[in-house]
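Asks: Let me give you the structure first, and then I'll get to my questions.
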């Protein structure tokens, strides 16, 4: 693609990067076939190629973001399916990130939109505040219709997504510390505990710690680490994302500088994993953090990546339950992890099913299902319809957002991949699977002892 930036514009490293990205696009249009919004809407402006043209004009002119640009860029899920498809290696992820920052700074938004975006940014990344927001959500349910009539459809979507039943009380995760294995130590990792996940489904962290500790891996949660920054970053609030990234880097660097060997920084939410792996790019222009961010990004691994390096051996329980594996966009497109999670589930004794149109987003995409509820709802229904085609007993995925989104449209239990693996290797039954307890049998024979409850590992 030919660009027309002026030399003074290219002196800005951000514009120089935008120019390099744009020049790789050859207008082939292959991205349109795998773009979730284009598949739904059929509008070229809601395809990667169309958005690239809109962003190119905005950046070249240096103009404020027009309502048209804002509208179509806001509709982008950042599912990154286009990057998996693109033969030219166009770095669409960082191009749209730059566009969102420009739109946030220069594009006019309605007061209702600004309110919801500010509310999301100031609550979801902070577990304490998020708990209070969820506790208050039932008070808003009688006013859903009014919210939509006054232009607060996103707020209504937020209330509808809040759990309608009390959250699990069985989870034992309580914060910073070290879960020390009682087995022969094979590795020592840092775990990103996350923000929304430890509130909505804290048992995912329990399952992660329990399974890793049972397999000889010490798991440490560093004091001071929090939200990865992805939520605010995808809303164009770059400085907030940088602050959150720096807080994590500082917390993890303290552990790394302690002198103990750290084998990985483990993330059990694929959206967060994509973000942490991108810290080196996010902080490339921060002199005090550039090298530290590169060090952190190099250590970051999804929990299934780590487990493929440490053979799990025969499971403690075996079943023939049919598990439809939903590969989150941030997993398959953002991190290019495709086969590993399915192989782990198969080895653990499950029948693993591929979902048709697996490259199409479920509509979660961070807070997309709140900011774009209509499109997100259509994508959810499409995903659920494809899940029904394979008739699974359970849906497994590696991202909390996908769990929350998909379970809104189906009665089939949706669980985290690590919860199923933990169950197969001796951990407790995941939430919502009581109907399948008779389908799972303990494996007789000389299997290694497994950890069956949190007390079986030591937190110091």
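No value in this document is a laboratory result; all are computed from the given coordinates. None of these values were measured; they are calculated from a predicted model. In this analysis, Cβ positions are derived from the backbone assuming ideal geometry, glycine residues included, and neighbour counts consider all displayed protein chains.
Asks: Taking the chain as the reference, fit the longest principal axis to its C-alpha atoms, fit the long axis of helix 111-123 to the helix C-alpha atoms, and give the angle between the two in degrees, 0 to 90, nearest 10.
Replies: 30
Asks: Largest first and in whole Å, what are the equivalent-ellipsoid semi-axes of the range 243-317 based on the Cα gyration tensor, each being the root of 5 times an eigenvalue?
Replies: 27, 14, 9
Asks: Taking 10 °C and 1.306 mPa s as the conditions, I'd like the Stokes-Einstein D for the range 313-449 in µm²/s, using the Kirkwood hydrodynamic radius from alpha carbon pairs.
Replies: 103
Asks: Note the angle between two axes, namely the Cα long axis of helix 13-23 and the longest principal axis of the Cα atoms of the chain, as a number of degrees from 0 to 90, rounded to the nearest 10.
Replies: The two axes meet at around 90 degrees.
Asks: Using only Cα atoms, figure out Rg for the range 8-53 and give it as a multiple of 2.2 N^0.38 Å.
Replies: Cα-based Rg divided by the globular estimate yields 1.38.
Asks: Let's test the formula: R0 of 30 Å, r as the Cβ-Cβ distance of residue 40 and residue 390. What FRET efficiency results, to the nearest 0.05?
Replies: 0.90
Asks: Viscosity 1.567 mPa s, temperature 4 °C: what is the translational diffusion coefficient of the range 177-307 from Stokes-Einstein with a Kirkwood Rh over Cα pairs, rounded to a whole number of µm²/s?
Replies: 88
Asks: When you count, for each residue, the other Cβ atoms within 10 Å and take the mean per peptide, how do 180-186, 304-310 rank with the highest first?
Replies: For the peptides 180-186, 304-310, the packing ranking is 304-310, 180-186.
Asks: Please list 325-333, 152-160 highest first by mean number of surrounding beta-carbon atoms within 10 Å per residue.
Replies: 325-333, 152-160
Asks: Regarding the range 111-161, what are the three Cα extents along the principal axes, ordered largest first, in Å?
Replies: 30, 23, 13
Asks: Still on this structure, please answer the following. Measure off 7 Å from each Cα along the Cα-to-Cβ vector at residue 343 and residue 141, then give the distance between these two points in nanometres to one decimal.
Replies: Each label point lies 7 Å from its Cα, and together they span 4.5 nm.
Asks: Roughly how many nanometres apart are two label points built 7 Å out from the Cα toward the Cβ at residue 23 and residue 442?
Replies: 6.6
Asks: Moving on. Alpha carbons only, please: Rg and Dmax for the chain, in angstrom.
Replies: Rg, Dmax (Cα atoms, Å): 22.1, 72.
Asks: For the chain, find the longest principal axis of its Cα atoms and tell me its angle to the long axis of helix 203-214, 0 to 90°, nearest 10.
Replies: 50
Asks: Starting from the 7 Å offset along Cα-to-Cβ, what nm value, one decimal, do you get for the label separation of residue 180 and residue 63?
Replies: Each label point lies 7 Å from its Cα, and together they span 6.4 nm.
Asks: Here is a further query. Based only on Cα atoms, what Rg/Rh ratio does the range 7-106 have, Rh being taken as Kirkwood's radius?
Replies: Radius of gyration over Kirkwood radius for the range 7-106 works out to 0.94.
Asks: May I pose another question? Cβ neighbours within 10 Å, averaged per peptide: list 353-361, 23-31 in order, most packed at the top.
Replies: So the order, starting with the most tightly packed, is 353-361, 23-31.
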